[in-house]
1. Using modelled amide H (1.01 Å from N, peptide plane; none on Pro or chain starts), what sits under 5 Å from the amide H of residue 116, excluding residues fewer than 5 places away?
2. Under 5 Å between amide H atoms, partner at least 5 residues away or on a different chain: which partners does residue 29 have, H built in plane at 1.01 Å?
3. Binning at 10 Å from 0, report for the range 80-127 what percent of all alpha-carbon pair distances ends up in each bin.
4. Decide, for the range 194-264, between rounded, prolate and oblate: order the square roots of the alpha carbon gyration tensor eigenvalues as a ≥ b ≥ c, take rounded if a/c falls under 1.5, and otherwise choose prolate if a/b is larger than b/c, else oblate.
5. Over the range 1-149, with the other protein chains present, what is the accessible area per residue in square angstrom, probe 1.4 angstrom?
6. Top mean-square fluctuation among 147, 105, 171, Gaussian network model of the chain, C-alpha springs under 10 Å?
7. Tell me, what ³J(HN,Hα) does each residue in the range 119-129 have, in order and in whole Hz, if you take phi through Karplus 6.51 cos²θ - 1.76 cosθ + 1.60 with θ = phi - 60° and put x for Gly and Pro?
8. Each residue of the range 137-151 in turn: what ³J(HN,Hα) in whole Hz from Karplus with 6.51, -1.76, 1.60 and θ = phi - 60°, glycine and Pro shown as x?
Amino acid sequence: MNFNVDGRQAFAYTAAHDIDAAKPTIVFVHGAGLDHSLFGLQSRYFGYHGFNVLAADLPGHGRSAGPPLATVPEMADWVLRLLDAAKLEKASVVGHSMGSLVALECAAHQAPRIERIALLGTAYPMKVAEAFMSAAKENRQDAYDMETIWGHSAQAALGANPNPGMWMYGEALARLGRLAPGVLYNDLRACNGYAGGEAAAAKLKCPVLFLLGRRDQMTPAKAGAAFARGVPNARLVQLEASGHLLMTEAPDATLDALIDFFRA
(Lines give C-alpha, C1' and ligand atoms only; values in the text may rest on other atoms or scores of the structure.)
Protein backbone atom coordinates (compact mmCIF):
# COMPACT_ATOMS: atom_id res chain seq x y z
CA MET A 1 0.00 0.00 0.00
CA ASN A 2 1.29 3.46 -0.86
CA PHE A 3 1.13 6.35 1.61
CA ASN A 4 2.14 9.99 1.39
CA VAL A 5 4.79 10.93 3.94
CA ASP A 6 6.46 14.33 3.66
CA GLY A 7 5.03 14.71 0.16
CA ARG A 8 6.74 11.55 -1.11
CA GLN A 9 5.55 8.03 -1.83
CA ALA A 10 6.05 5.68 1.12
CA PHE A 11 5.36 1.98 0.60
CA ALA A 12 4.37 -0.52 3.29
CA TYR A 13 3.24 -4.10 2.76
CA THR A 14 -0.09 -4.66 4.55
CA ALA A 15 -0.68 -8.37 3.82
CA ALA A 16 -3.29 -7.32 1.24
CA HIS A 17 -5.57 -6.03 4.00
CA ASP A 18 -7.06 -2.60 4.51
CA ILE A 19 -6.05 -0.77 7.68
CA ASP A 20 -8.55 -1.29 10.50
CA ALA A 21 -8.09 1.16 13.37
CA ALA A 22 -9.80 -1.30 15.75
CA LYS A 23 -6.98 -3.85 15.36
CA PRO A 24 -3.55 -3.79 17.01
CA THR A 25 -0.76 -2.75 14.64
CA ILE A 26 2.79 -3.95 14.05
CA VAL A 27 5.29 -1.94 12.02
CA PHE A 28 8.23 -3.90 10.59
CA VAL A 29 11.43 -1.92 9.94
CA HIS A 30 14.22 -3.44 7.85
CA GLY A 31 17.98 -3.19 8.23
CA ALA A 32 20.71 -1.47 6.21
CA GLY A 33 20.33 -1.80 2.46
CA LEU A 34 17.29 -4.06 2.75
CA ASP A 35 13.53 -3.64 2.32
CA HIS A 36 10.12 -4.85 3.51
CA SER A 37 10.38 -8.20 1.71
CA LEU A 38 12.79 -9.59 4.30
CA PHE A 39 9.83 -9.84 6.71
CA GLY A 40 7.67 -11.73 4.19
CA LEU A 41 6.68 -14.70 6.36
CA GLN A 42 6.39 -12.83 9.63
CA SER A 43 4.42 -9.84 8.36
CA ARG A 44 2.07 -12.05 6.35
CA TYR A 45 1.30 -14.22 9.39
CA PHE A 46 0.33 -11.31 11.62
CA GLY A 47 -1.61 -9.64 8.81
CA TYR A 48 -3.80 -12.74 8.56
CA HIS A 49 -4.12 -13.25 12.33
CA GLY A 50 -5.81 -10.17 13.68
CA PHE A 51 -3.21 -7.42 13.24
CA ASN A 52 -2.65 -4.49 10.96
CA VAL A 53 0.85 -4.80 9.55
CA LEU A 54 2.97 -2.13 7.95
CA ALA A 55 6.16 -3.73 6.62
CA ALA A 56 7.73 -0.47 5.56
CA ASP A 57 10.32 0.46 2.97
CA LEU A 58 12.32 3.30 4.47
CA PRO A 59 12.88 6.28 2.12
CA GLY A 60 15.20 5.39 -0.75
CA HIS A 61 14.62 1.64 -0.24
CA GLY A 62 12.33 -0.77 -2.05
CA ARG A 63 9.27 1.06 -3.35
CA SER A 64 9.60 4.19 -1.20
CA ALA A 65 10.86 7.36 -2.83
CA GLY A 66 14.20 8.78 -1.76
CA PRO A 67 16.40 10.30 -0.68
CA PRO A 68 17.40 8.01 2.20
CA LEU A 69 17.40 9.45 5.71
CA ALA A 70 20.83 10.10 7.19
CA THR A 71 20.35 9.23 10.87
CA VAL A 72 18.53 6.74 13.06
CA PRO A 73 16.46 9.45 14.85
CA GLU A 74 15.32 10.79 11.47
CA MET A 75 14.21 7.29 10.47
CA ALA A 76 12.29 6.91 13.74
CA ASP A 77 10.51 10.21 13.18
CA TRP A 78 9.62 9.05 9.67
CA VAL A 79 8.10 5.80 11.02
CA LEU A 80 5.91 7.85 13.36
CA ARG A 81 4.81 10.03 10.44
CA LEU A 82 3.99 6.85 8.51
CA LEU A 83 1.63 5.92 11.36
CA ASP A 84 0.06 9.37 11.02
CA ALA A 85 -0.40 8.81 7.28
CA ALA A 86 -2.07 5.47 8.01
CA LYS A 87 -4.29 7.18 10.63
CA LEU A 88 -3.05 4.86 13.38
CA GLU A 89 -2.68 6.15 16.91
CA LYS A 90 -0.63 3.31 18.42
CA ALA A 91 1.58 0.49 17.22
CA SER A 92 4.28 -1.99 18.13
CA VAL A 93 7.54 -1.97 16.18
CA VAL A 94 9.65 -4.93 15.04
CA GLY A 95 13.06 -3.82 13.81
CA HIS A 96 15.98 -5.75 12.37
CA SER A 97 19.59 -4.52 12.73
CA MET A 98 19.47 -0.82 11.78
CA GLY A 99 15.69 -1.11 12.11
CA SER A 100 16.12 -2.29 15.70
CA LEU A 101 17.77 1.04 16.54
CA VAL A 102 14.86 2.79 14.82
CA ALA A 103 12.39 0.80 16.94
CA LEU A 104 14.35 1.70 20.08
CA GLU A 105 14.21 5.41 19.21
CA CYS A 106 10.47 5.26 18.46
CA ALA A 107 9.70 3.71 21.84
CA ALA A 108 12.02 6.01 23.78
CA HIS A 109 10.63 9.23 22.39
CA GLN A 110 6.97 8.35 21.80
CA ALA A 111 6.34 6.10 24.80
CA PRO A 112 2.53 6.54 24.91
CA ARG A 113 2.29 5.58 21.25
CA ILE A 114 4.54 2.50 21.09
CA GLU A 115 3.11 -0.58 22.83
CA ARG A 116 5.94 -3.12 22.35
CA ILE A 117 9.20 -3.38 20.47
CA ALA A 118 11.08 -6.42 19.17
CA LEU A 119 14.78 -5.92 18.39
CA LEU A 120 16.15 -8.54 15.99
CA GLY A 121 19.84 -8.95 15.23
CA THR A 122 20.69 -5.99 17.42
CA ALA A 123 23.61 -4.62 19.41
CA TYR A 124 24.66 -1.28 20.76
CA PRO A 125 26.90 0.38 19.80
CA MET A 126 26.42 -0.87 16.22
CA LYS A 127 29.84 -0.09 14.82
CA VAL A 128 30.71 -0.96 11.22
CA ALA A 129 34.09 -2.24 10.02
CA GLU A 130 36.16 0.38 8.20
CA ALA A 131 36.68 -1.89 5.16
CA PHE A 132 32.90 -2.37 4.86
CA MET A 133 32.25 1.37 5.13
CA SER A 134 34.92 2.22 2.53
CA ALA A 135 33.62 -0.32 0.03
CA ALA A 136 30.06 0.93 0.46
CA LYS A 137 31.15 4.57 0.08
CA GLU A 138 32.71 3.69 -3.27
CA ASN A 139 29.67 1.59 -4.32
CA ARG A 140 31.89 -1.43 -4.85
CA GLN A 141 30.51 -4.93 -5.31
CA ASP A 142 32.56 -6.22 -2.39
CA ALA A 143 30.41 -4.12 -0.04
CA TYR A 144 27.40 -6.19 -1.11
CA ASP A 145 29.48 -9.36 -0.78
CA MET A 146 30.51 -8.41 2.77
CA GLU A 147 26.91 -7.74 3.81
CA THR A 148 25.81 -11.03 2.28
CA ILE A 149 28.55 -13.26 3.71
CA TRP A 150 28.76 -11.62 7.14
CA GLY A 151 24.99 -11.38 7.27
CA HIS A 152 24.59 -15.16 7.28
CA SER A 153 25.96 -17.97 9.38
CA ALA A 154 28.54 -20.21 7.73
CA GLN A 155 25.96 -22.91 7.05
CA ALA A 156 24.03 -20.61 4.70
CA ALA A 157 26.65 -21.17 1.99
CA LEU A 158 25.98 -24.92 2.07
CA GLY A 159 22.47 -24.91 0.63
CA ALA A 160 20.82 -24.85 4.05
CA ASN A 161 17.89 -22.59 3.14
CA PRO A 162 14.76 -23.77 5.00
CA ASN A 163 12.72 -22.81 1.93
CA PRO A 164 13.44 -25.48 -0.72
CA GLY A 165 14.79 -24.12 -3.99
CA MET A 166 15.91 -20.78 -2.50
CA TRP A 167 19.51 -19.59 -2.33
CA MET A 168 20.13 -17.31 0.66
CA TYR A 169 23.21 -15.60 -0.77
CA GLY A 170 21.53 -15.02 -4.12
CA GLU A 171 18.40 -13.65 -2.50
CA ALA A 172 20.41 -11.17 -0.41
CA LEU A 173 22.52 -10.03 -3.37
CA ALA A 174 19.39 -9.50 -5.46
CA ARG A 175 17.96 -7.16 -2.79
CA LEU A 176 21.19 -5.23 -2.50
CA GLY A 177 21.51 -5.00 -6.26
CA ARG A 178 18.31 -2.96 -6.40
CA LEU A 179 19.76 -0.16 -4.29
CA ALA A 180 20.56 3.24 -5.70
CA PRO A 181 24.23 4.24 -5.36
CA GLY A 182 25.06 5.55 -1.91
CA VAL A 183 22.11 4.03 -0.06
CA LEU A 184 24.03 1.21 1.63
CA TYR A 185 26.75 3.64 2.71
CA ASN A 186 24.11 6.01 4.06
CA ASP A 187 22.64 3.23 6.19
CA LEU A 188 25.97 1.92 7.48
CA ARG A 189 27.00 5.45 8.43
CA ALA A 190 23.69 5.88 10.31
CA CYS A 191 24.34 2.69 12.29
CA ASN A 192 27.98 3.55 12.94
CA GLY A 193 27.14 7.07 14.08
CA TYR A 194 24.19 6.29 16.31
CA ALA A 195 25.10 7.26 19.87
CA GLY A 196 21.72 7.38 21.60
CA GLY A 197 21.21 3.76 22.59
CA GLU A 198 21.89 3.98 26.32
CA ALA A 199 19.80 7.12 26.74
CA ALA A 200 16.96 5.60 24.71
CA ALA A 201 17.06 2.33 26.66
CA ALA A 202 16.77 4.23 29.94
CA LYS A 203 13.50 5.80 28.76
CA LEU A 204 11.76 2.58 27.72
CA LYS A 205 8.42 1.82 29.36
CA CYS A 206 7.10 -0.91 27.08
CA PRO A 207 7.93 -4.65 26.90
CA VAL A 208 11.01 -5.38 24.79
CA LEU A 209 12.05 -8.57 22.98
CA PHE A 210 15.69 -9.13 22.05
CA LEU A 211 15.82 -11.85 19.37
CA LEU A 212 19.40 -12.79 18.51
CA GLY A 213 21.16 -15.32 16.28
CA ARG A 214 23.84 -17.28 18.12
CA ARG A 215 25.95 -17.39 14.90
CA ASP A 216 25.58 -13.70 14.09
CA GLN A 217 28.83 -12.25 12.67
CA MET A 218 27.56 -8.66 12.31
CA THR A 219 25.90 -8.00 15.66
CA PRO A 220 27.25 -10.86 17.79
CA ALA A 221 24.78 -12.41 20.23
CA LYS A 222 27.18 -11.69 23.10
CA ALA A 223 26.96 -7.95 22.38
CA GLY A 224 23.19 -8.03 21.97
CA ALA A 225 22.74 -9.93 25.22
CA ALA A 226 24.94 -7.44 27.08
CA PHE A 227 22.77 -4.61 25.78
CA ALA A 228 19.62 -6.47 26.83
CA ARG A 229 20.79 -6.71 30.42
CA GLY A 230 20.56 -2.93 30.75
CA VAL A 231 17.02 -2.66 29.35
CA PRO A 232 13.99 -2.81 31.65
CA ASN A 233 11.11 -5.15 30.75
CA ALA A 234 13.38 -7.05 28.35
CA ARG A 235 12.99 -10.65 27.24
CA LEU A 236 15.99 -12.34 25.58
CA VAL A 237 15.64 -15.17 23.04
CA GLN A 238 18.62 -16.61 21.17
CA LEU A 239 18.29 -18.85 18.11
CA GLU A 240 21.06 -21.42 17.94
CA ALA A 241 21.06 -22.08 14.19
CA SER A 242 20.92 -18.54 12.81
CA GLY A 243 23.21 -15.70 11.86
CA HIS A 244 22.27 -12.05 11.41
CA LEU A 245 19.42 -12.52 8.93
CA LEU A 246 17.13 -14.42 11.28
CA MET A 247 13.99 -13.87 9.20
CA THR A 248 15.36 -15.94 6.31
CA GLU A 249 17.78 -18.29 8.09
CA ALA A 250 15.34 -19.27 10.85
CA PRO A 251 11.97 -18.04 9.59
CA ASP A 252 9.76 -20.36 11.63
CA ALA A 253 11.68 -19.94 14.89
CA THR A 254 11.69 -16.16 14.39
CA LEU A 255 7.95 -16.17 13.79
CA ASP A 256 7.34 -18.40 16.83
CA ALA A 257 9.31 -16.02 19.06
CA LEU A 258 7.32 -13.04 17.77
CA ILE A 259 4.00 -14.84 18.23
CA ASP A 260 5.00 -15.68 21.80
CA PHE A 261 5.94 -12.08 22.47
CA PHE A 262 2.82 -10.52 21.05
CA ARG A 263 0.52 -13.01 22.77
CA ALA A 264 2.08 -12.39 26.19
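The values are calculated or read from the model by the stated rules, or taken from the named source; none is laboratory data. Everything numeric here is computed off the predicted structure, so don't read it as measured data. Accessible surface is based on the protein model in full, side chains and every heavy atom, while ligands, DNA and RNA are left aside. Shrake-Rupley method; radii C 1.70, N 1.55, O 1.52, S 1.80 Å.
1. Residues meeting the criterion, in which the H sits 1.01 Å from N, are 92, 93.
2. Under 5 Å from the amide H of residue 29 lie the amide H atoms of 94, 95, 96, each far enough along the sequence or on another chain.
3. The distribution over the range 80-127 is 28, 52, 17, 2, given as percents.
4. oblate
5. I get 38 Å² per residue for the range 1-149.
6. 171
7. 10, 9, x, 10, 6, 9, x, 10, 6, 10, 4
8. 4, 8, 6, 8, 4, 5, 5, 5, 5, 4, 4, 5, 6, 5, x
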